[in-house]
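The values are calculated or read from the model by the stated rules, or taken from the named source; none is laboratory data. These numbers were taken from a predicted model, which means no experiment stands behind them. Here the Cβ positions follow ideal geometry from the backbone for every residue, glycine too, while neighbour counts run over all protein chains shown.
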Amino acid sequence: MNPREVAAVLAYLGRLDPRTMRTDTGEARDQIAQWHELLGDVPFTTDHGWDVREAIKAHVLASPYPILPVDVARQWRSYRRDRLARHTDPTPAANPDDPAAWRAELVGTRHAVAAGATAPATHRQLTSGGPHRDIEARLAAIGSCIPPVVRAELARFRPARAAREAAIAAGGPDVLGVRCAWCQASEGEPCRSRRVGLDGDARGNASRATPHPSRVDLAVAARAQQVAA
């Protein structure tokens, strides 16, 4: 805060707690200088939750003692620590082969978060703050987040999904897009081979590589309705 902002803060504080008011011009000047010396690096407000007036109001409501500039400075440091504790460094857009640029972007992001200019990035390292900036270009180039070669290798481990993708690619209906009336498999889930005993209880619940014929009929009917609409 600059001296003018400090003077505005002291005027606001004087309305809340008249004990802090200075009527003498010399005393008021000294008070502004003292507060500015300790709060020169504390902002008046930020875009993300900090307002020095709210900090002063909270102290006046919670403590019977007059507020000191160090009380405001401590609240500001607590605010900075809390924001950095909730921040997880996103992956920089800089070239990782350029350590200086990589570190400069990390430091700049941390400073912006600590100063309240940027919201903390709470995503953990697994998501790394969201998709990379060129993810759309990569998806447009390969058509999917799973390359075709890898998808072909995975087909033998998930036959139901492979059959579904092959049917959709051939222009057929999305069979797993409807609920199965026979085995009660929900949308997106493969059908189950349920064997019912004489007592009516299920004796098996293994996944099927192919959907039940009744589910195929439901998928065909649902697609016909969509085309007609």
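Do we find a residue being within 30 Å of ALA121 (Cβ to Cβ) and surrounded by 17 or more Cβ atoms within 10 Å (Cβ to Cβ) anywhere in the range 7-26?
Within the range 7-26, the subset within 30 Å of ALA121 (Cβ to Cβ) is none.
No, the range 7-26 contains no residue that is within 30 Å of ALA121 (Cβ to Cβ) and surrounded by 17 or more Cβ atoms within 10 Å (Cβ to Cβ).
What number of residues within the range 49-70 satisfy the criterion of being outside any helix (DSSP H, G or I), surrounded by fewer than 17 Cβ atoms within 10 Å (Cβ to Cβ) and not aromatic (Phe, Trp, Tyr)? Spell out how you get there, then give the answer.
Keep residues of the range 49-70 that are outside any helix (DSSP H, G or I), which gives 49-51, 63-68.
With the extra rule that they be surrounded by fewer than 17 Cβ atoms within 10 Å (Cβ to Cβ), the set shrinks to 49, 51, 63-66, 68.
Now drop any that are not not aromatic (Phe, Trp, Tyr), which leaves 49, 51, 63-64, 66, 68.
Summing the residues that are outside any helix (DSSP H, G or I), surrounded by fewer than 17 Cβ atoms within 10 Å (Cβ to Cβ) and not aromatic (Phe, Trp, Tyr) in the range 49-70 gives 6.
Return the residue satisfying two criteria in turn: it lies in the range 38-70 and is of a type in the set (D, E, K, R) and touching a residue at least 24 places away in the same chain (Cβ under 8 Å), and of such residues it is farthest from GLY116 (Cα to Cα). Give the steps one after another, and end with the answer.
Residues of the range 38-70 of a type in the set (D, E, K, R): 41, 47, 51, 53-54, 57.
Remaining after also requiring touching a residue at least 24 places away in the same chain (Cβ under 8 Å): 47, 53, 57.
Values: ASP47: 6, ARG53: 16, LYS57: 20 Å.
By that ranking, first place goes to LYS57.
Please work out if ALA73 is among the aliphatic types (A, V, I, L, M), under 30 Å from ARG15 (Cα atoms), surrounded by 16 or more Cβ atoms within 10 Å (Cβ to Cβ) and outside the structural domain of GLY49 (by TED's automatic domain parsing).
Numbers: among the aliphatic types (A, V, I, L, M): yes; under 30 Å from ARG15 (Cα atoms): yes; surrounded by 16 or more Cβ atoms within 10 Å (Cβ to Cβ): yes; outside the structural domain of GLY49 (by TED's automatic domain parsing): no.
So ALA73 does not fit the description; no.
With at pLDDT below 75 and either surrounded by 14 or more Cβ atoms within 10 Å (Cβ to Cβ) or at negative phi (or both) as the only criterion, which of ILE135, ILE146 stands out?
On the way: ILE146 fails: at pLDDT below 75.
So the residue among ILE135, ILE146 that is at pLDDT below 75 and either surrounded by 14 or more Cβ atoms within 10 Å (Cβ to Cβ) or at negative phi (or both) is ILE135.
Checking LEU154 against (1) surrounded by fewer than 11 Cβ atoms within 10 Å (Cβ to Cβ); (2) modelled with pLDDT of 80 or more; (3) hydrophobic (A, V, I, L, M, F, W, C), which single condition isn't satisfied?
(1)
Being modelled with pLDDT under 85 and touching a helix residue (DSSP H, G or I) at 6+ places or on another chain (Cβ under 8 Å) is the filter here, so list the residues in the range 191-210 that pass it.
Of everything in the range 191-210, those that are modelled with pLDDT under 85 and touching a helix residue (DSSP H, G or I) at 6+ places or on another chain (Cβ under 8 Å) turn out to be SER207, ARG208, ALA209, THR210.
Might you check whether a residue that is outside the structural domain of VAL9 (by TED's automatic domain parsing), farther than 17 Å from TRP35 by Cα, out of contact with any Phe, Trp or Tyr (no Cβ under 8 Å at 6 or more places or on another chain) and basic (Lys, Arg) occurs anywhere in the range 104-112?
In the first step, residues of the range 104-112 are kept if they are outside the structural domain of VAL9 (by TED's automatic domain parsing); the result is 104-112.
Narrowing the set further to residues that are farther than 17 Å from TRP35 by Cα leaves 104-112.
Now drop any that are not out of contact with any Phe, Trp or Tyr (no Cβ under 8 Å at 6 or more places or on another chain), which leaves 104-112.
Next, only the ones that are basic (Lys, Arg) stay: 110.
Among the residues of the range 104-112, at least one is outside the structural domain of VAL9 (by TED's automatic domain parsing), farther than 17 Å from TRP35 by Cα, out of contact with any Phe, Trp or Tyr (no Cβ under 8 Å at 6 or more places or on another chain) and basic (Lys, Arg), which makes the answer yes.
May I ask you to say which residue of SER78, SER186 is of a type in the set (Ser, Thr, Tyr), farther than 30 Å from VAL227 by Cβ and at pLDDT 80 or above?
Details: SER186 fails: farther than 30 Å from VAL227 by Cβ.
Going through SER78, SER186 in turn, just one is of a type in the set (Ser, Thr, Tyr), farther than 30 Å from VAL227 by Cβ and at pLDDT 80 or above: SER78.
Select from the range 71-97 the residues that are under 17 Å from THR118 (Cα atoms) and either small (Gly, Ala, Ser) or in a helix (DSSP H, G or I) (or both) and list them in ascending order. Don't jump to the end; show me each part of the working.
Of all residues in the range 71-97, those under 17 Å from THR118 (Cα atoms) come to 76-93.
Answer for the range 71-97, where residues must be under 17 Å from THR118 (Cα atoms) and either small (Gly, Ala, Ser) or in a helix (DSSP H, G or I) (or both): TRP76, ARG77, SER78, TYR79, ARG80, ARG81, ASP82, ARG83, LEU84, ALA85, ALA93.
Within the range 145-168, track down each residue that is within 20 Å of ALA206 (Cβ to Cβ) and small (Gly, Ala, Ser).
Listed by number, the residues that qualify are ALA155, ALA160, ALA162, ALA163.
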